[in-house]
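The values are calculated or read from the model by the stated rules, or taken from the named source; none is laboratory data. Everything numeric in this text was worked out from a predicted model, so none of it was measured. So basically every Cβ, Gly included, is an ideal-geometry build from the backbone, and we count neighbours across all protein chains shown.
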């Protein structure tokens, strides 16, 4: 299990290059979407578009249906590695269903039919979505609650390969939030660093000299969490113009 967002992406890209060089057959799955892309000899085949996944319901069991001897069925018999990115978003029943289906397809009783499974993701981010479920239901649906989890080897990446010079403070701030080490008040609120507070500095850093190019700015969009924030930033940009 590989954690940390940017480091994980860097790791996956490096890994796929190695697999291609070694002529290994591999597929990539993302989150809850069982839509793998099949790679072989440096070519991607979008042949896994029907890895049909059905939950019946999440609390009991799930099934993957796939036509026997179909294209996907045959490719899964040959695949060497499956990389499952954003795995923490998947319900535990999903990986258990894939385990059972691969055993069936490959006629191999080893875990996942003998396929090397590489799961990537960060449990500090998005948990599985459980309809009408609360925190407890989400945690219980996590792949960490699966019987397969104890068989995983967990690798933790510690160095952010993409943190640029001057971004260390903000990166550290995000990590403290994710690790729940940031000091909180009695209402579980935290103090936002000064580097996140100034709208004017943020606008200047983002737009630079282009702020004076009114024709260009008319076609740009600033994303905000609320309409009131959008109005405030629009007013600030207009004053700068």
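Quick notes
- At least 3 residues being within 20 Å of residue 30 (Cα to Cα) and modelled with pLDDT under 85 is the threshold, and among the helices (runs of 4 or more DSSP H) wholly inside segment 57-152 those reaching it are 71-78.
- For segment 107-163, residues that are surrounded by fewer than 15 Cβ atoms within 10 Å (Cβ to Cβ) and on the phi > 0 side of the Ramachandran plot total 3.
- Checking 176, 183 one by one, the residue that is closer than 30 Å to residue 156 by Cα, assigned to a helix (DSSP H, G or I), outside the structural domain of residue 126 (by TED's automatic domain parsing) and at pLDDT 80 or above is 176 and no other.
- Boolean, residue 214 is more than 30 Å from residue 117 (Cα to Cα) and at pLDDT 70 or above: no
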